[in-house]
Every structure is written in C-alpha cells, then in structure tokens.
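Take a look at the structure set out below.
Taken together, the values in this text are just the output of simple stated rules run on the coordinates, not laboratory data. Just so you know, these numbers come straight off a predicted model, no measurement behind them. All Cβ positions, even for glycine, are placed from backbone atoms using ideal geometry, and neighbour counts span all protein chains on display.
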Amino acid sequence: MNHVTISRREKFVRRSVEFILACSGFLSVLVTLGVLYILISKTWIFFKQVPLSAFFLDTVWTPLFSSQRFGIWSLVLGSMLVTTVAMLTAGPFGILAAIYMSEFAHSRIRKILKPLLEILAGIPTVVYGYFALTMVTPALQLIIPGLNGFNALSPGLVLGLMLIPTVSSLCEDALFTTPRDLKEAAYSLGARKLSTIFLVTLPYSRSTIIAALFLAFGRAMGETMIVAIAAGMKAHFTFDVREPIQTMTAYIVQVSMGDTPQNSIEYLTIFTVGTMLFVITFIFHAGSRLILRSKFKAKS
C-alpha cells in the first residue's frame with residue numbers, strides 16, 4: 001500500500017512539473033505573439049502614411065524635425081557600426097580568455113578569474129555608458145585624431161568589454177566538452193599543445209562557439225544605455241566610427257522619453273524601428289541555427 005501511495009505521489013509530482021513546464025513554454029510563445037502583434041499592427045498603420053520607398057530608399061532619418069524624412073538606413077548603419085566594433089572586441093578576447101581558462105590556467109587562478117569576468121556582466125549598462133563617455137572617449141581622443149566627443153568607437157569597445165564574459169563562459173564550457181581521447185590522439189601524433197587547441201579543440205567546439213558569437217551579436221544589437229549615452233543622438237549615415245551616430249535602440253529611448261503624442265507619425269516610428277530591429281536579429285539568429293544544423297549534419 002505504501003508503494004502504491006509513493007507511486008501515485010510520484011506520478012502526481014511528475015505530471016504537475018510537466019504541466020508547469022508546458023505552461024511556461026506556452027506563455028513564452030503567447031508573449032512573443034503578443035509582441036509581434038503590437039509591432040506589426042503599429043507598423044502597418046505607419047506604412048499607410050509613409051511609402052515604402054521613403055523608408056527603404058532614403059538615408060536621412062528626421063521624423064522629429066519639421067522636414068520629416070524616414071530613411072531607416074541611418075539607424076541601421078549606426079547599430080551595425082557599434083555592433084561590429086563590439087564583436088571585434090568581444091569575439092577574439094572572449095575566445096582567448098576561454099582558451100586560457102580551460103587549457104592553461106591553474107585551478108586556483110581559474111577560480112579567481114571566472115568570478116571577475118562574471119562581475120563585468122553584472123555591472124549596470126548605464127555605468128558602462130558613462131565609463132565610455134567620460135573615460136574611454138577622452139583617452140581615445142589623445143591617440144585618434146578627429147574623434148568626436150560622441151562616436152561609435154568608444155561605446156563599441158566598451159560594449160565589447162561587457163560581452164566578453166558571455167562569449168568566454170559559453171566557449172569555455174564548449175572547450176571542456178572536447179573528448180580527452182581526441183586530445184591524446186593529437187599528442188600521440190606529435191602535436192604540441194597550441195596545435196592541439198587550434199586544430200582539434202576549437203574545430204570540435206566550433207558549433208557552440210558560433211552560437212556564442214551570434215548570441216553576443218544579438219545582445220549587442222539590442223543594447224540601449226551604452227549607445228544612448230556615449231554614441232550620441234544624431235542619425236548620421238556614415239561608416240566612420242569617429243563620428244556621432246544613433247542606433248535603433250537609442251532612437252526608441254529618445255522618443256519614448258519625450259512628449260510625443262500617441263498614435264502620431266513620430267510615435268509610430270518607435271514600433272516601426274522596433275520591427276526592423278526584430279527582423280534583423282531574427283535573420284541573424286535564424287542564420288546561426290542553419291549554420292549549427294549544417295555543422296551538426298556534417299559531423300554526423
């Protein structure tokens with residue numbers, strides 16, 4: 001009788017947990033659908049007033065000016081500039097940090113370095129923004145001529161610094177999963193440690209490393225406070241990282257904090273820019289999934 005009671009109790013607990021997990025999954029789907037509905041419905045109203053050609057074929061973004069123009073590519077390019085600088089910083093340094101902690105660092109050093117890296121991820125982004133504006137930018141102005149007080153380089157570097165823990169933590173976990181037999185086989189063939197790392201360990205973990213880089217990319221594209229504080233509020237179509245720019249997220253913050261009338265064309269631009277940001281990040285994440293799937297099929 002006791003065994004029957006325990007069995008029923010276990011079944012009840014298991015079904016309860018399964019129900020809670022299923023509800024959590026459905027809730028996330030419903031939230032995503034709700035966000036999509038809001039974005040698409042408001043964007044549809046926006047494009048009823050603004051032609052697609054004015055949105056996609058123009059490079060000037062001045063919806064808050066008297067002479068309104070809606071060329072989204074100024075904001076897209078600004079976001080891509082900052083994200084590119086951030087990924088060029090976080091990618092190499094994050095992977096190198098993961099290699100050091102997983103292959104070279106002593107266990108005591110690893111116990112110290114890993115919490116320090118995690119502290120970087122826990123610092124509020126507004127602190128990073130003022131650090132970029134008041135410390136990094138003046139330092140860069142001493143060595144880079146023509147660097148403006150607001151620019152794309154400084155927030156990109158600081159954003160990359162913030163993303164290093166994300167990349168290094170995921171890459172380190174992937175490097176630890178490399179089978180020891182593969183490493184020993186490489187050593188038995190006369191390979192040195194560095195050769196084994198770059199010819200065996202990294203190729204074996206490339207799928208997770210790619211996923212970590214795409215995750216960091218999405219995080220960089222969605223960053224708000226660092227770019228809002230240090231990059232400026234000028235929607236400038238430029239490839240020069242020394243110039244002030246405005247990202248899509250910074251524009252959303254600018255309009256949301258103002259006195260923009262609800263359902264006006266200026267108000268609707270928030271949702272249109274948000275939809276554009278969603279599409280860009282979705283494309284990159286879908287691309288990462290395709291890459292991972294192709295690598296998995298090739299490995300199998």
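Within the straight-line cut-off of under 20 Å between alpha carbons, the aspartates and glutamates reachable from K114 are E103, E172, D173, sequence neighbours fewer than 8 places apart in one chain being disregarded.
Measuring nothing but alpha carbons in the stretch 73-299 and taking Rh as the Kirkwood radius, the Rg to Rh ratio lands at 1.05.
Sparsely packed loop sites in the stretch 186-219 (the trypsin sites (Lys or Arg not before Pro) outside DSSP H, G, I, E and B with at most 12 other Cβ atoms within 10 Å) comprise R192. Within the same chain, aspartates and glutamates fewer than 8 places from K48 are excluded, and of the rest, those with a Cα less than 16 Å from its Cα are E266.
Going by a ≥ b ≥ c, the root eigenvalues of the Cα gyration tensor, does the stretch 101-143 fall in the rounded group (a/c under 1.5), the prolate group (a/b larger than b/c) or the oblate group? Oblate, because a/c is 1.5 or more while a/b does not exceed b/c. In the stretch 1-146, with Lys and Arg counted as +1 and Asp and Glu as -1 at Cβ, which of these residues, S16, Q141, V82, has the Cα nearest the positive end of the dipole, that is, farthest along it? It is S16. Among I283, I164, I270, the largest mean-square fluctuation in a Gaussian network model of the chain, built with springs joining Cα atoms closer than 10 Å, belongs to I283. So which residue, out of V17, V253, V60, gets the largest mean-square fluctuation from a GNM of the chain using Cα contacts under 10 Å as springs? Largest GNM mean-square fluctuation: V17. Remark: relative contact order (the chain) = 25 percent; criterion is Cα-Cα distance under 8 angstrom and separation of 6 or more residues. Working from the Cα coordinates of the stretch 170-278, the gyration tensor eigenvalues give, after taking √(5λ), semi-axes of 47, 15, 10 Å in decreasing order. Take the Cα of Y37, step 7 Å toward its Cβ, do the same at A286, and the gap between the two points is 2.2 nm. Summed over all non-identical Cα pairs, the Kirkwood treatment of the stretch 132-201 gives a radius of 15.3 Å.
Can I get the semi-axes of the stretch 1-118's equivalent ellipsoid? Compute them from the C-alpha gyration tensor as square roots of 5 times the eigenvalues, in angstrom, largest first. Mind showing how you got there, number by number?
Details: eigenvalues 442, 238, 16 Å².
Calculated on Cα positions only, the semi-axes equal 47, 34, 9 Å.
Of the DSSP H helices in the chain, those with a Cα length along their own long axis of 27 Å or more and a mean Kyte-Doolittle hydropathy reaching -1.0 comprise 2-49, 73-99, 153-176, 265-299. Does the stretch 26-95 classify as rounded, prolate or oblate by the C-alpha gyration tensor (a ≥ b ≥ c root eigenvalues; a/c under 1.5 gives rounded; else a/b over b/c gives prolate, otherwise oblate)? Because a/c hits 1.5 or more and a/b fails to exceed b/c, the stretch 26-95 counts as oblate.
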